[in-house]
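S.K.: I'd like to ask some things about the structure below.
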Amino acid sequence: LPIYLCGFPGPRVLMGDLNMSPPKPQRYTGLRPLATALTFPRDAPDRQLDHILTDDPRLVVEGCSAPTLSISDHRALIIDVSRR
């Protein structure tokens, strides 16, 4: 687990523009990805730079999307999750 997450009690969720493509975020953080979608650049995405990762084994993804928003040069990464 990265040092910046160690001080927080689990379970943890890390979300954001990590400026790396899979599988690096999983390898560097030890967290499992909850979403896989192309997010950059917004108008013709060819890579995933935005991620949602967790160490909670009970989270199950029900749906994933990467819609275009006018406020960013990235697509938003959105998931629907439930807990087992």
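The values are calculated or read from the model by the stated rules, or taken from the named source; none is laboratory data. Model, not experiment: these values are computed from the prediction. All Cβ positions, even for glycine, are placed from backbone atoms using ideal geometry, and neighbour counts span all protein chains on display. Note: areas computed on protein heavy atoms with side chains; ligands, DNA, RNA excluded. Shrake-Rupley method; radii C 1.70, N 1.55, O 1.52, S 1.80 Å.
S.K.: Based on this model, can you work out whether residue 31 counts as out of contact with any Cys (no Cβ under 8 Å at 6 or more places or on another chain) and on the phi < 0 side of the Ramachandran plot? Explain how you work it out, then say what you get.
M.R.: Working: out of contact with any Cys (no Cβ under 8 Å at 6 or more places or on another chain): yes; on the phi < 0 side of the Ramachandran plot: yes.
So residue 31 fits the description; yes.
S.K.: Starting from residues that are part of a strand (DSSP E or B) and on the phi < 0 side of the Ramachandran plot, keep the ones in segment 5-23 and report whichever is least open to solvent (accessible area, probe 1.4 Å). Before the answer, list the steps.
M.R.: Going through segment 5-23, the residues part of a strand (DSSP E or B) turn out to be 13-17.
From what's left, on the phi < 0 side of the Ramachandran plot: 13-15, 17.
On the way: 13: 78, 14: 28, 15: 132, 17: 72 Å².
Looking at residues that are part of a strand (DSSP E or B) and on the phi < 0 side of the Ramachandran plot, I get 14.
S.K.: Additional query: Exactly one of (1) open to solvent by less than 50 Å² (accessible area, probe 1.4 Å); (2) within 15 Å of the chain's Cα centre (by Cα) is unmet by residue 2. Its number?
M.R.: (2)
S.K.: Further question: In this structure, does residue 80 turn out to be modelled with pLDDT of 95 or more, surrounded by fewer than 14 Cβ atoms within 10 Å (Cβ to Cβ) and out of contact with any Lys or Arg (no Cβ under 8 Å at 6 or more places or on another chain)? Please lay out each step first, then the result.
M.R.: On the way: modelled with pLDDT of 95 or more: yes; surrounded by fewer than 14 Cβ atoms within 10 Å (Cβ to Cβ): yes; out of contact with any Lys or Arg (no Cβ under 8 Å at 6 or more places or on another chain): yes.
When the stated conditions are applied, residue 80 passes them.
S.K.: I've got another one for you. Which of the residues spanning segment 24-77 are assigned to a helix (DSSP H, G or I), open to solvent by 80 Å² or more (accessible area, probe 1.4 Å) and closer than 15 Å to residue 1 by Cβ? Before the answer, list the steps.
M.R.: Of the residues in segment 24-77, the ones assigned to a helix (DSSP H, G or I) are 24-29.
Next, only the ones that are open to solvent by 80 Å² or more (accessible area, probe 1.4 Å) stay: 24, 26-28.
The answer is 26, 27, 28.
S.K.: Let me ask you something else. Can you list residue pairs whose Cβ atoms sit under 7 Å apart, with the first residue in segment 1-28 being closer than 20 Å to residue 58 by Cα and the second being part of a helix (DSSP H, G or I) and modelled with pLDDT under 85? Count only pairs 6 or more apart in sequence or on different chains.
M.R.: Every condition considered, the pairs that remain are 12/5; 14/5.
S.K.: Now for a separate question. Starting from residues that are farther than 21 Å from residue 68 by Cα and of a type in the set (Ser, Thr, Tyr), keep the ones in segment 5-53 and report whichever is nearest to the chain's Cα centre (by Cα).
M.R.: The selected residue is 29.
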